[in-house]
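These notes concern the structure reproduced below.
Readers should treat all values here as calculations from the given coordinates under stated rules, not as data from a laboratory. Values in this document were obtained by computation on a predicted structure and should not be read as measured data. No Cβ is skipped: glycine too gets one built from the backbone with ideal geometry, and neighbour counts run over all protein chains shown.
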Amino acid sequence: MSNTKRKVAIIGAGLAGTTVGLGLVNAGFDVTIYSDRDRTSLRNDVPPTGTAVYFGKSLEYDAEVIENLYEIGNSTGMSVRIFSGVGETRTPVIEFDRPFNYTAQAVDTRLRADDRLGRFLARGGKFVVCAVTPEDLDAIAADADLTLVATGKGGLSSLFPVDADRTVYAEPQRHLLLATFKELDRADHQFAYRSSDGGRHNWFTIHADFGETFFGPYLHKDLGATRAFIGFAKPGSPWIDLFKSVTDTQTARDAVVKLFETYFPEDVALIEQLEPLHEDPHSWFLGAVTPTVRRAVATTRNGHPVAAIGDAAVSFDPIGGQGAQNAVVQSALLIRALKEHKGKITYEWLQDQFNRHWDHRAEAAAEVTRLFLGDAKYAMHAELLFPAAAVDPKIGSAFFDFLSEPKPLLGIQSREEVNKLISDLAGEPAENVLARFKAPEQFARSEI
Ligand SMILES: Cc1cc2nc3c(=O)[nH]c(=O)nc-3n(C[C@H](O)[C@H](O)[C@H](O)COP(=O)(O)OP(=O)(O)OC[C@H]3O[C@@H](n4cnc5c(N)ncnc54)[C@H](O)[C@@H]3O)c2cc1C
């Protein structure tokens, strides 16, 4: 049998399902996507799964499946500020604003998936609206050469047991608030007090005890240039109650303003101008992710192998921006392998593909997430890299390279290895770089 006749069934039409679906239709496979929602509902009746920023390298994997359609939502760097304490004891700890060594792109997952689905249908892909049950899956898999489960963190992911050896956390590490706002007038000018590249840099504003916030350019599916905010509250943080007060687009905006007013008042004059996207009642959500690695190949009741892809296989805390990137890298690698593979697609072959993906990207993506979560394993990295990034621009930019290409982190584990990274980038001993670090006395304020 030639590859062109092979039948593929994909369950779920999020970013993972539509990416691998389009890639396989392009490669000549006979592909059916099963989705619990029709195309209009996928686009209009649910929130985006996440902000889903592609940091650098994942754009190249994505380009193996679809051309880059988006000019809005791109960002070029990150402004980082870290505080500790509250009220009288509030203290600025570290600040740096650094360009990325790449472009990052934040596009509404509903738009990305819809654009993929449109091309998939135009190229002969089949789309069936059906909430697939485990019984359905058995019948679907019996009739296909390959069945992929792309149903996200919930859905059918429970068919794939948690891999205890690869899963570090048993519960969510952050409570999340996502909200999207209208773009500000003259953004470049307004953001200049924090960023050399104005509104094209994201903000990562951190409270050492309570949590982190991300704020950056975003392409909304209908409203175009907008700004995405994500709040990450640590367990026990007072931010959790603030997030819980959110019930709609307006209260989401009010909670974000309150957060900045209380913890990051230098920015509040700018943040107060944010206007909610009332046009999209799904432009906000509350959530929490337990970072989980599953055994990504399972068998159905009658012994047919099925493989998980995207969040159904590995879910990440969003603080390291790895989930969507992991989904497109996994899709691209699988498509490449399927184009080469002429034999039967067996359980063992699928397991081998997942293990290759784990080695290539997913393990490192999980470790980078731990670095950004401030996991105890990476306390020494943070202790050295943050002040070094504040001293030397090259180190700040290199720190964000981990979001694009996480794998080098696996080889930078000991204090000597972190110091070597700093020395190599700075061209002088790490101790000299760190000796020049001075905590800022205060941070510049938005004067608007
Ligand atoms: C706040 C937040 C911020 C994020 N930021 C980033 C970031 O900056 N960078 C990054 O790379 N990632 C980020 N992510 C992660 C990213 O959004 C996800 O990893 C990615 O969108 C997951 O796509 P998916 O297709 O695997 O799952 P989903 O988007 O969940 O899609 C699954 C689809 O399957 C359907 N489905 C479920 N069950 C069934 C069934 N039984 N039958 C048929 N259909 C079914 C669902 O309705 C859904 O349409 C973020 C996540 C969050 C929560």
Completion exercise
Treating only Lys and Arg (+1) and Asp and Glu (-1) as charged, each at its beta carbon, one finds that the chain has a dipole about its Cα centre, in Debye to the nearest 20, of 1060
Handout entry: Cα-centre dipole for region 324-417 with unit charges at Cβ (Lys and Arg positive, Asp and Glu negative), debye to 20
Key = 440
Practice task
Give, in nm to one decimal, the length gained when the segment between ALA131 and GLU279 is fully stretched (0.36 nm per residue of separation minus the Cα-Cα distance).
Solution key: 50.5 nm
Exercise for the section: Beyond 21 Å between alpha-carbons counts as too far, so tell me which of LYS153/LYS258; LYS339/LYS407; LYS5/LYS342 fall in that bin. Expected result: LYS153/LYS258; LYS339/LYS407
Exercise for the section: May I ask you to evaluate 6.51 cos²θ - 1.76 cosθ + 1.60, the Karplus curve with θ = phi - 60°, for each residue of region 68-79 and list the ³J(HN,Hα) values in order in whole Hz, giving x for glycine and proline? Expected result: 6, 9, 10, 9, 9, x, 7, 9, 10, x, 9, 9
Practice task
Go through 174-185, 305-316, 401-412 and give me the packing order, highest mean Cβ count within 10 Å leading.
Solution key: 305-316, 174-185, 401-412
Exercise for the section: Could you tell me the distance between the Cα centroids of region 343-371 and region 382-428, to the nearest Å? Expected result: 26
Handout entry: Exposure proxy order (Cβ contacts within 10 Å, fewest to most) of TYR169, TYR378, TYR34
Key = TYR169, TYR378, TYR34
Exercise for the section: Would you give the gap between the C-alpha center of region 129-189 and the C-alpha center of region 69-86, rounded to a whole Å? Expected result: 25
Exercise for the section: Count the DSSP beta bridges whose two residues both fall in the chain, then state the antiparallel fraction as a percent rounded to the nearest 5. Expected result: 65
Handout entry: Within region 184-220: backbone nitrogen closer than 18 Å to the ILE412 label point (7 Å, Cα to C-beta)
Key = none
Exercise for the section: Kindly provide log₁₀ I(q)/I(0) values, in the same order as q = 0.12, 0.13, 0.17 Å⁻¹, from the Debye equation applied to equal alpha-carbon scatterers of region 117-228. Expected result: -0.81, -0.88, -1.02
Exercise for the section: Report, in degrees rounded to the nearest 10, the 0 to 90 angle that the Cα long axis of helix 415-426 makes with the longest principal axis of the chain. Expected result: 70
Handout entry: Rg and Dmax of the chain, Cα atoms only, in Å
Key = 22.1, 73
Exercise for the section: Take the alpha-carbon centre of region 266-300, take the same for region 301-340, and report the distance between them in whole Å. Expected result: 20
Problem - Expected 222 nm ellipticity per residue - DSSP helices of 4 or more, -39500 (n - 2.57), all of the chain, to 500 - result: -10500 deg cm²/dmol
Exercise for the section: For GLN250 paired with LEU69, estimate the spin-label separation in nm (one decimal), with each label point 7 Å from Cα along the Cα-to-Cβ line. Expected result: 3.4
Practice task
For helix 393-404, report the angle its Cα long axis makes with the longest principal axis of the Cα atoms of the chain; keep it between 0 and 90° and round to the nearest 10°.
Solution key: 20
